[in-house]
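Chemist: First the structure, which I've put down as structure tokens, then a few questions once you've had a look.
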Amino acid sequence: MAEERQCYGGQWKVPITPYNRRLYWPPSWIKCDCGELAKRVYGRKGDFLYPNGQYLCKACQREYQKVDGRDNFILVKPNEK
């Protein structure tokens, strides 16, 4: 199920609002269900790293994916505990 999440941008984890969205979109961090922040994952193509639209929480290992064209994120890999 897709839902809107609190998003954060930049290395200082600035909360993204409608006023600063143009500066920080797509977000570098999103709020996970466990309360921690999930970081954007990069994939390698040749010698370059590209953002692939997925976010991974280091604390609980949940994985989220951004829905293209929307501000929603879906849970791809739930916590197995």
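The values are calculated or read from the model by the stated rules, or taken from the named source; none is laboratory data. All of these numbers come straight from a predicted model, not from anything done at the bench. Cβ sites come from the backbone with ideal geometry, for glycine too, and all protein chains shown count toward neighbours.
Chemist: Look at region 20-53 and say how many of its residues are in a loop (DSSP other than H, G, I, E, B), farther than 15 Å from Gly10 by Cβ and in contact (Cβ under 8 Å) with a residue 12 or more places away in the chain.
Modeler: Number of matching residues: 4.
Chemist: Tell me, please, whether a residue that is part of a strand (DSSP E or B), at pLDDT below 90, acidic (Asp, Glu) and over 10 Å from the mean Cα position of the chain (by Cα) can be found in region 54-76.
Modeler: No: zero hits.
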